[in-house]
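Report on the structure given below.
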Amino acid sequence: MLAADFDYDLPPGLIAQHPLARRDDSRMMVVSRKDGRFFHARFREFPDHMNPGDVLVLNDTKVIPAKAWGRRGDASIEFLFIKEKAAGLWEVLCKPAKRVHFGDKIVFPAGLEAEVAGTGDEGRRTLQFPIIDVLGHLKSIGYAPLPPYIKRKKEDVKHRSGDLDRYQTIFAAKDGAIAAPTAGLHFTPEILGEVRGKGVSVVEVTLDVGPATFQPVRMERLEDHRMLEETYVVSEAAAAAIGAAKGEGRTVTAVGTTVVRALESAARRGESGSGGIMAGRAATSIFIYPSFEFRVVDRLLTNFHLPKSTLLMLVSAFAGRDLILAAYREAVHEGYRFFSYGDCMLIV
């Protein structure tokens, strides 16, 4: 298949720039794989689509305030802290990268300093800090790592309000993500309470959302694209709950593409063909696109994704490319809000 097979027309005005006042006010398109029909609803109706015995799987990763500005001499440089490789050693993306060279000293606010210990392609650098608790400092000086299609003036970003709270799920618990698992942004404590009240088992896995999630497909043929690795964790309790549901024919609903990648990766680490879920921590570079065989996920809650993105390809693998592109055309026609702060789709 070709990347161009997953393109669609999106008016820029439909890209959501701000979250709604209430998380559960978002619209929800329900897409039926069985008969190819679309239904329009609100997310607050989500519990109506759950049944006793179902398993709902959330990603409890927590977005760190990964964006920060540092100075190299008189130059102001924007940094995105991707992950800690060792104590005090961080992989980052920076721009303008041409100003940041091996051996340079970078000065951040509050007296935080680093030396450039390595350079890479596409703006990648490695920073060595003399302190270990870099994340603790980021929580004081860093900002929400919003995706580039959400436009903010630099002075607005530096107010540190609004986005730091709303670009985070209510069940975020474990630091490590540089982007939100956005399908989870619609949930409120009340919605989760309703879901649990119906006898649904709610479990969490962790996939630290990194560059792989928004890595562009630069190859024409999908078969030639290679995903970057992301780390995920499935607890023994989560693996047991999901495995039992699959064994008993109960429905497993994934909240977001990151949960899909974690569960389908864990299933492939389990016994081949058994649907068993392997608990533990692992790295995955799984690339899900049409012809993929799903072993775990029965239903998927997801936001609307960028054209030609690996996320759109994953959703197309789950529901069929033609159906998904038809649903996207319907969403555009109906004025749905797209991407991270936008509306959602429940695929049943």
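The values are calculated or read from the model by the stated rules, or taken from the named source; none is laboratory data. Everything numeric here is computed off the predicted structure, so don't read it as measured data. Here the Cβ is made from the backbone with ideal geometry for all residues, glycine too, and neighbour counts use every protein chain on show.
Observations, loosely collected:
- Selection within region 1-39 - surrounded by fewer than 15 Cβ atoms within 10 Å (Cβ to Cβ) and in a strand (DSSP E or B): Leu2, Phe39
- Residue check, Leu346 touching a residue at least 40 places away in the same chain (Cβ under 8 Å), within 24 Å of Asp5 (Cα to Cα), assigned to a strand (DSSP E or B) and in contact with a helix residue (DSSP H, G or I) (Cβ under 7 Å, 6 or more places away or on another chain): yes
- Residue that is within 26 Å of the chain's Cα centre (by Cα), under 27 Å from Arg281 (Cα atoms), hydrophobic (A, V, I, L, M, F, W, C) and surrounded by fewer than 12 Cβ atoms within 10 Å (Cβ to Cβ), where the choices are Ala87, Ala144, Ala66: Ala87
- Screening Pro148 on (1) in a loop (DSSP other than H, G, I, E, B); (2) modelled with pLDDT of 95 or more shows it passes everything except condition (2).
- Top-ranked residue in region 129-146 [being free of Cβ contacts under 8 Å to residues at least 60 places away in the same chain and not charged (D, E, K, R); ranked as nearest to Leu164 (Cα to Cα)]: Ser140
- Condition check for Lys98: of a type in the set (Lys, Arg), surrounded by fewer than 12 Cβ atoms within 10 Å (Cβ to Cβ) and not in a loop (DSSP other than H, G, I, E, B): yes
- Test: residue in region 163-185 that is modelled with pLDDT of 95 or more and over 16 Å from the mean Cα position of the chain (by Cα): no
- Of the criteria (1) under 28 Å from Ala172 (Cβ atoms); (2) surrounded by 16 or more Cβ atoms within 10 Å (Cβ to Cβ); (3) more than 25 Å from the chain's Cα centre (by Cα), which one Asp104 fails: (1)
The rows are residues; the columns are (1) more than 30 Å from Pro96 (Cβ to Cβ); (2) within 20 Å of the chain's Cα centre (by Cα); (3) without any contact (Cβ under 8 Å) to a residue 60 or more places away in the chain.
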| residue | (1), (2), (3) |
| --- | --- |
| Met1 | yes, no, no |
| Leu10 | no, no, no |
| Ala21 | yes, no, yes |
| Ser32 | yes, no, no |
| Arg37 | yes, no, yes |
| Phe43 | yes, yes, no |
| Asp48 | yes, no, yes |
| Gly70 | no, no, yes |
| Ala75 | no, no, yes |
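- Checking Val315 against (1) buried (at least 18 other Cβ atoms within 10 Å of the Cβ); (2) more than 16 Å from Leu222 (Cα to Cα), the condition it does not meet: (2)
- No other residue among Thr61, Thr126 is under 29 Å from Arg22 (Cα atoms), surrounded by 18 or more Cβ atoms within 10 Å (Cβ to Cβ), hydroxyl-bearing (Ser, Thr, Tyr) and in contact (Cβ under 8 Å) with a residue 12 or more places away in the chain apart from Thr61.
- The single condition among (1) closer than 14 Å to Leu346 by Cα; (2) without any contact (Cβ under 8 Å) to a residue 60 or more places away in the chain; (3) not in a helix (DSSP H, G or I) that Val315 does not meet is (3).
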